[in-house]
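The values are calculated or read from the model by the stated rules, or taken from the named source; none is laboratory data. The shown structure was predicted, so the numbers you read here are calculated from the model rather than taken from an experiment. Here Cβ is always computed from backbone atoms with ideal geometry, including for glycine, and neighbour counts include all displayed protein chains.
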């Protein structure tokens, strides 16, 4: 087991491992997996809960709407145009999945310490709402 700074924070790029050479596989090595070993059968490991920190995430969502009243004498008839933007700046949000087996970290797993996918990119949805 290595110092806490190497698994509680970002490990230096030279020490990151966990991405086997698989053609066409997108993988970001995040942890130095050489610091971890499987505990003996019937014993617990010594890494605490929530000890792993993945890459920082930041996300900005935004919504705009405009309500029109097309008939001057009928205020109860309205048309609303709405636009909603999720992840406005299209910043990559890496999805850190830790392979687990019965709530224990599977150190022997090939995906341990690796980031293999990301959340959705920018999503824009438009809506038209008519109320009467």
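Looking at 42, 54, which is the one that is assigned to a loop (DSSP other than H, G, I, E, B), surrounded by fewer than 14 Cβ atoms within 10 Å (Cβ to Cβ) and modelled with pLDDT of 60 or more?
It is 42.
For residue 88, state whether it is out of contact with any helix residue (DSSP H, G or I) (no Cβ under 6 Å at 6 or more places or on another chain), modelled with pLDDT under 80 and surrounded by 13 or more Cβ atoms within 10 Å (Cβ to Cβ). It is false that residue 88 is out of contact with any helix residue (DSSP H, G or I) (no Cβ under 6 Å at 6 or more places or on another chain), modelled with pLDDT under 80 and surrounded by 13 or more Cβ atoms within 10 Å (Cβ to Cβ).
Selection within the range 106-132: residues that are under 14 Å from residue 54 (Cβ atoms) and assigned to a strand (DSSP E or B). The member of this set that is modelled with the highest pLDDT is 118.
On the given criteria, is residue 63 modelled with pLDDT of 70 or more and in contact with a strand residue (DSSP E or B) (Cβ under 9 Å, 6 or more places away or on another chain)? Spell out how you get there, then give the answer.
Numbers: modelled with pLDDT of 70 or more: yes; in contact with a strand residue (DSSP E or B) (Cβ under 9 Å, 6 or more places away or on another chain): yes.
So residue 63 passes the test.
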